[in-house]
2 protein chains.
Amino acid sequence: MEKDEHFMQLALHEAQKGRHQTWKNPLVGAVIVKNDQVLATGYHHHYGKPHAERDAISKLTPEQLFNSTLYVTLEPCNHFGKQPPCSQLIVDSHIKRVVIAEIDPHKLVTGKGIATLKENGIEVTTGVLNAEVKKLNEHYNYFYKNDRPWITLKQATSLDYKVSAGLNQRTAITNQEVYEQVHCERADYQAIVIGSSTAIIDNPSLLTTASTDYPPIRIVLDRRGRLLEHLDLTLLNDDNPTWIFTQNKSLANHNLNQNIQCFLTKNNDLSDLIAELSKKEIQSIYVEGGPTLEKSFLDNFFINEMITYISPDFIGANGVSGTVPTSSHHFDEVNIKQLGNNVRIDERNKNV
Amino acid sequence: MEKDEHFMQLALHEAQKGRHQTWKNPLVGAVIVKNDQVLATGYHHHYGKPHAERDAISKLTPEQLFNSTLYVTLEPCNHFGKQPPCSQLIVDSHIKRVVIAEIDPHKLVTGKGIATLKENGIEVTTGVLNAEVKKLNEHYNYFYKNDRPWITLKQATSLDYKVSAGLNQRTAITNQEVYEQVHCERADYQAIVIGSSTAIIDNPSLLTTASTDYPPIRIVLDRRGRLLEHLDLTLLNDDNPTWIFTQNKSLANHNLNQNIQCFLTKNNDLSDLIAELSKKEIQSIYVEGGPTLEKSFLDNFFINEMITYISPDFIGANGVSGTVPTSSHHFDEVNIKQLGNNVRIDERNKNV
């Protein structure tokens, strides 16, 4: 059992190498072992490219594969997607035993890959390092279990809980370390959501500094169509995709940059937004404000995670307050990290 | 020089043993060395008891003391206080050399102890581990250099910067670790200051759990005399001293418990309070709220240090906001510490 955990740890380490490049696919790592020797490792490098099992298997000869054990972090797939099914490849390779950390929550896969392996006489062990591996694809898992995206709210406040020095003022509240962390963690999400005020006042580009071919889609909630008066915003003119949710038909029908997609909504309900994003298979969103939008998310309990960056300065009475929900909220898990003289408080509810 | 620092480090370690028991006196440690061997150590144990130098010297014979080196964290005194002057004792002991970390800022001492030693042919080295030793008696140093107490504001807030769940509601915002830390750090101050609202709503005892014969004096600022309607408060009936600053003559003349002292003030200016506390030789105060009182301190720039405890929960819109000063404030030094799932942010201005 300790051996299994050791090799699965290697597979987990492999999986992480694909970070930010597998897009809608999960991170997966694989290790092939015979006589306690690692013969090959592999991982899912990139969306559309071979799965981890295939990556590892392709490095070995039939003789090497014969009677070997495959460690893989996620249940092998059993269906034709961008790649032929891994379960059949494993069977054909005459691998003797497969050790799996996590059952794939994706409805097309769950349990079926394991069934195929067992039907073909392969010994299957599941659940090894399950808790650690589950964290690897938290958003993917959540999305396929709950049919809705993982929602993280992010805010950056002063000690006296101000998010800007005054109305309509773009203010850098937190320090350079926070700036860098935010620009990097954006890549962990498939979309970034902001309100129209934040778009107009801050004119952010909402890009990520992480190396990824799949930067998050920028989503602006603009019920009234205020963006029509601000068509010069960076978000509406650069080369990255932006989605606008609006009730304003003029905006929805306006001839915008080809990277921009407008969604004409009927009401102002966040549940409509979430439903639409679920349909579009957006597995995770990072809500970057402002405070009014975040309050709506909190008040509707559409929250999985809250990230607050705090600087130790006071902004004073003219500042605009951070988000204050209508009622109290407690989160199950809290992680605190110091970034220079700023603090990051990351809190989340236990996954359903 | 490295030897000097080594022995001074020992003296610093000795000094800390007197923590919370030397009251208005500084913490001081001493080490006596001959031929690189430590012959004796000593420290100031308790207010009114022998100074560190005397404590160490008393452990040795005249032969041992002859030609030895004394390491002492603070300049030896030269005047009769509760104890006869240490400078003369050192001369009489035929100590050859004295190494001092810090010159005593107390006007009755500063430079005079060293002068006496030098006049008597003793070799004197100063400034060894000066920065480390200065931190030992930060409040004492500040008081004697600036003729006013060191002022620390303390607050405990939720993530959304609330200090209570609603008006007139006593609320435990932060966790047990914070509770214990606050109860202990109170002993680092000579007085605790609160407003009358905090006294009435929270009915706190403001005691310390630290072992000390000199718990801080509780000070209530009660301009209007609201305490007259609340004479059953714990603060006004237990065995510890409480001072009340009021403009209400009935309260000032009221026949209160013998531990209570009333100060009749002419106006509502914090500078009057500070002047009175300076006169009473209160070296340091810990202001525990409420937010309105802390705002006054911040707006008048009467601040040396700000301690904010933050819990990760949201209280919501009915909560009472933490202190928001009129204008912005930046502090020079910031220290961040995690206490369970709470955070302590300690920030201070560079000492004058």
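Listed values, structure above:
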| read-out | value |
| --- | --- |
| Closest approach to the axis - chain B beta-carbon, rotation onto A, Å | B:Tyr161, 2 |
| Largest-first principal axis extents of the Cα set of the range B:254-343 (Å) | 44, 32, 26 |
| Amide H partners (placed H, <5 Å) of A:Leu339, local residues excluded | A:Arg344 |
| Share of pairwise Cα separations in the protein assembly as shown, more than 40 Å, in percent | 52 percent |
| Alpha-carbon spread of the range B:187-266, three principal axes, descending order, Å | 36, 22, 20 |
| Amide H contacts of B:Val38 (H built 1.01 Å from N, under 5 Å, at least 5 apart or other chain) | none |
| Integer Hz, Karplus 6.51/-1.76/1.60 couplings in order for the range A:148-163, x for Gly and Pro | 7, x, 5, 10, 10, 9, 10, 9, 10, 10, 7, 4, 8, 6, 10, 9 |
| HN-Hα J in Hz across the range B:330-347 - Karplus 6.51, -1.76, 1.60, θ = phi - 60°, x for Gly and Pro | 10, 10, 6, 10, 10, 10, 10, 9, 8, 10, x, 9, 10, 10, 10, 10, 10, 10 |
| For the range A:29-155, alpha-carbon Rg over 2.2 N^0.38 Å | 1.08 |
| Whole-number D in µm² s⁻¹ for the range A:87-180, Kirkwood Cα-pair radius fed into Stokes-Einstein, 25 °C, 0.890 mPa s | 141 µm²/s |
| Summed side-chain charge close to B:Ser250 - residues other than B:Ser250 whose Cβ falls under 12 Å, Lys, Arg +1, Asp, Glu -1 | +1 |
| Inter-chain Cβ neighbour average for residues A:160-172, partner chain, 10 Å | 2 |
| Alpha-carbon radius of gyration plus Dmax, which is the widest Cα pair, for the range A:213-303 in Å | 13.1, 35 |
| Cα-based convex hull volume of chain A per residue, rounded to whole Å³ | 144 Å³ |
| Under 5 Å, built H, 5+ apart or other chain: amide partners of B:Val287 | B:Thr152, B:Leu153, B:Lys154, B:Val193 |
| Neighbouring partner chain Cβ atoms per residue of A:152-158, average, 10 Å criterion | 1 |
| Residue-normalised accessible area of chain B, given per residue in Å² at a 1.4 Å probe | 44 Å² |
| Subset of B:Lys59/B:Lys107; A:Lys24/A:Lys107; B:Lys17/B:Lys59; B:Lys82/B:Lys280; A:Lys17/A:Lys49; A:Lys3/A:Lys96 violating a 20 Å alpha-carbon distance limit | B:Lys59/B:Lys107 |
| Ratio of Rg to Rh over the range B:267-314 (Cα coordinates, Kirkwood Rh, two decimals) | 1.05 |
| Cα-derived Rg to Rh of the range A:16-86, Kirkwood definition | 0.97 |
| The range B:158-206 shape via C-alpha gyration tensor axes, a/c threshold 1.5 | oblate |
| Shielding of A:317-323 by partner chains, average beta-carbon count, 10 Å | 3 |
| Phi-based couplings in Hz for the range A:192-206 (Karplus 6.51, -1.76, 1.60; Gly and Pro marked x) | 10, 10, 9, x, 5, 4, 4, 4, 6, 6, 8, 6, x, 9, 6 |
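The values are calculated or read from the model by the stated rules, or taken from the named source; none is laboratory data. Everything numeric in this text was worked out from a predicted model, so none of it was measured. Here Cβ is always computed from backbone atoms with ideal geometry, including for glycine, and neighbour counts include all displayed protein chains. Just the protein is used for accessible areas: all its heavy atoms, side chains included, with ligands, DNA and RNA removed. Shrake-Rupley method; radii C 1.70, N 1.55, O 1.52, S 1.80 Å.
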